[in-house]
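These notes concern the structure reproduced below.
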Amino acid sequence: MKTKFYISRLVTGLMFLGFLPLKTVALNYTISFTGSGASSTVENVTVYNLTKGTLATVPAGNVLNLSDAPNAVKQVSANYKTMSYTAGDWLLYKGISGNYSTIVTDVPTGSKTTNFNFVACTDADDNNYMVVTIGTQTWMAENLKTTQYNDGTAIPLVTDNTIWRKQTTPCYCWYNNDATSYKNTYGALYNWYTVNTGKLAPTGWHVPTDAEWVTLDNYLTANGYNYDGSNSRNKYAKSLATTINWATSTDKGVIGNDLRINNSSGFSALPCGCRDIRGFLDAGSIVNWWSSSEDYTNYAWSRNLHYNNSDLIRSFDIEVDGFSVRCVRDN
């Protein structure tokens, strides 16, 4: 609170020092929403305050009011949604328009209009995916779950682990062979031979190369996504991971330490586990994604997040492994 003081003389040689509070002006920002690209209509927006761990829903045509004194804000109209906000809070917006859905993250410093660039991302099974733009790249904000190539050909489903670990042709599975529990949340697991067909991604999208993963790495490192605010060395795992489902940890800066403040990039990574020659492993603790780049025979480049690490790990893995897939939009 700001104050001012005054001095008055009471008697000779005696002074009185007093303080009077000045009225503090509450922070009030208004955020309106527009759509572009595939749709100009925003049907609704879910707003997550990642710093405070709170959320609000803003229906079509409504305005979001951010205030550090929400109880003192006068409701100016019915189309007005007030949310508690302190300067510096990180917000994540999920905008919906029909089958299109886009994530935008922001730290507002004043009233503004936020635009959702709605982009078609639909696979051969007619699954529609949420997307997020990070730097110059637009990524799927969910894992792929198609059971068909983009030409409509079925991808073989392999449930038996003895067959899986000897497989040298394309196939997919669901974690624990349980589509009911895992398909919609975690997506499918694919071996690298499926990626290598070049037909796995939705039309207009592709499985990222190793170099495209590096582009993401460079952007996040240089633009304030490291947990400690630095801009050197990859320490941005928390910015990629969702605020739910991850195992917890007390280690500084890792995904599992205070899930509430994860996902500042909007990438929305979930710990869906993987499948290797031993079977299904580590749901709740890790996620692995393939790149389309082969390292050498039988091994391809991948990326993974672990609940007890602060970085996105680059590794090469045997191509028979079952990993998740994220796609990036064609230029």
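Derivation of every value follows stated rules applied to the coordinates shown; laboratory data play no part. Everything numeric in this text was worked out from a predicted model, so none of it was measured. Don't worry about glycine lacking a Cβ; one is built from the backbone with ideal geometry, like all the others, and counts go over all protein chains shown.
Taking K and R as +1 and D and E as -1, what net charge do the other residues with C-beta under 13 Å from the C-beta of ASP317 add up to?
-3
Considering only VAL119, ILE318, SER293, whose Cα is most displaced toward the positive end of the charge dipole of the chain, charges sitting on Cβ of Lys, Arg (+1) and Asp, Glu (-1)?
VAL119
Hey, quick one: spin label on TYR296, modelled 7 Å out along Cα-Cβ, who in the stretch 304-331 has an amide N within reach, i.e. under 15 Å?
316-319, by backbone N distance to the label point.
What are the ³J(HN,Hα) couplings of the stretch 99-113, residue after residue, when phi is run through the Karplus curve with 6.51, -1.76, 1.60 and θ = phi - 60°? Round to Hz, x for glycine and proline.
7, 9, 8, 9, 9, 10, 10, 6, 10, x, 10, x, 5, 6, 10
For THR168 and ILE277, compute 0.36 nm times the residue count separating them, minus their Cα-Cα distance, and round to one decimal in nm.
38.0 nm
Which FRET efficiency value, to the nearest 0.05, is calculated for ASN79 and THR54 with the Förster distance at 22 angstrom and r the Cβ-Cβ distance?
Working from the Cβ atoms, E equals 0.60.
Specify the inter-centroid distance of the stretch 55-126 and the stretch 166-199, based on alpha-carbon positions, in whole Å.
Answer, in whole Å: 34.
Cα gyration tensor of the stretch 206-253, axes a ≥ b ≥ c as square roots of the eigenvalues: rounded (a/c below 1.5), prolate (a/b > b/c) or oblate?
The shape class here is oblate.
Full-extension gain between ALA222 and SER315, please, as 0.36 nm times their residue separation minus the C-alpha to C-alpha distance.
31.3 nm
Any idea how far apart THR215 and GLN148 come out in nm if each label point goes 7 Å out from Cα toward Cβ?
According to this spin-label approximation, the distance is 2.9 nm.
Would you mind counting up the charge near ASN234? Only other residues with Cβ under 14 Å from its Cβ, with Lys and Arg at +1 and Asp and Glu at -1.
+2
Taking the simple approach of a point 7 Å from Cα along Cα-to-Cβ for both LYS183 and ASP160, what is their distance in nm?
Output for this residue pair reads 2.3 nm.
Could you order peptides 37-45, 257-265 by the average number of other Cβ atoms within 10 Å of their residues, highest first?
Top of the packing list down: 257-265, 37-45.
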